């Protein structure tokens, strides 16, 4: 079951049943905006990632250029220009939540010319001043990641 799905050339689908826990009032809106920016690629994705992170989560990156570099590594690269994304229902516990996101890479952007998939664990928290922000984003389908 997914909160929203996007396909190549399509706009994000209407939120599904998980919208009650991850939609307008939850972290779903923030994540949907981030995925849309990452899908478009370029500098928009890096700027959106930087804006979505909590100050603490930004620390290892240093600045938006660090976010750009991180999106170029093999762990996060499938997010950039992905062909489709599926978001699982959010698990919310008060002001924190987490979900899994599966992205399908655009075959035109992969060395093999075939669609690839990647699974990410996304965690977020709500701050009274800034709303929902990412506290973590990690690849969850590779044992060494």
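Read-outs throughout are calculated quantities, based only on the coordinates presented, and are distinct from any laboratory measurement. Note that this is a predicted model, so its numbers are computed, not measured. Note that each Cβ is placed from the backbone with ideal geometry, even for glycine, and that neighbours are counted across all protein chains shown.
Quick notes on this structure:
- Zero-based 5 Å bins, Cα pair distances in the stretch 15-139, whole percents: 2, 12, 21, 25, 20, 13, 6, 1, 0, 0
- Spin-label pair residue 56/residue 130, simplified geometry with 7 Å Cα→Cβ offset, distance in nm: 1.1 nm
- Residues 82, 100, 93 arranged by fewest to most Cβ contacts within 10 Å: 93, 100, 82
- Based on C-alpha pairs under 8 angstrom that are at least 6 apart in sequence, the stretch 15-139 has a relative contact order of 23 percent.
- Once the chain from residue 65 to residue 117 is taken as fully extended at 0.36 nm per residue, the excess over their C-alpha distance is 16.2 nm.
- Sorted fewest first by neighbouring Cβ atoms within 10 angstrom, 91, 86, 129, 74 come out as 129, 74, 91, 86.
- The gain in end-to-end length when the residue 74 to residue 96 segment is fully stretched comes to 5.2 nm, 0.36 nm per residue minus the alpha carbon separation.
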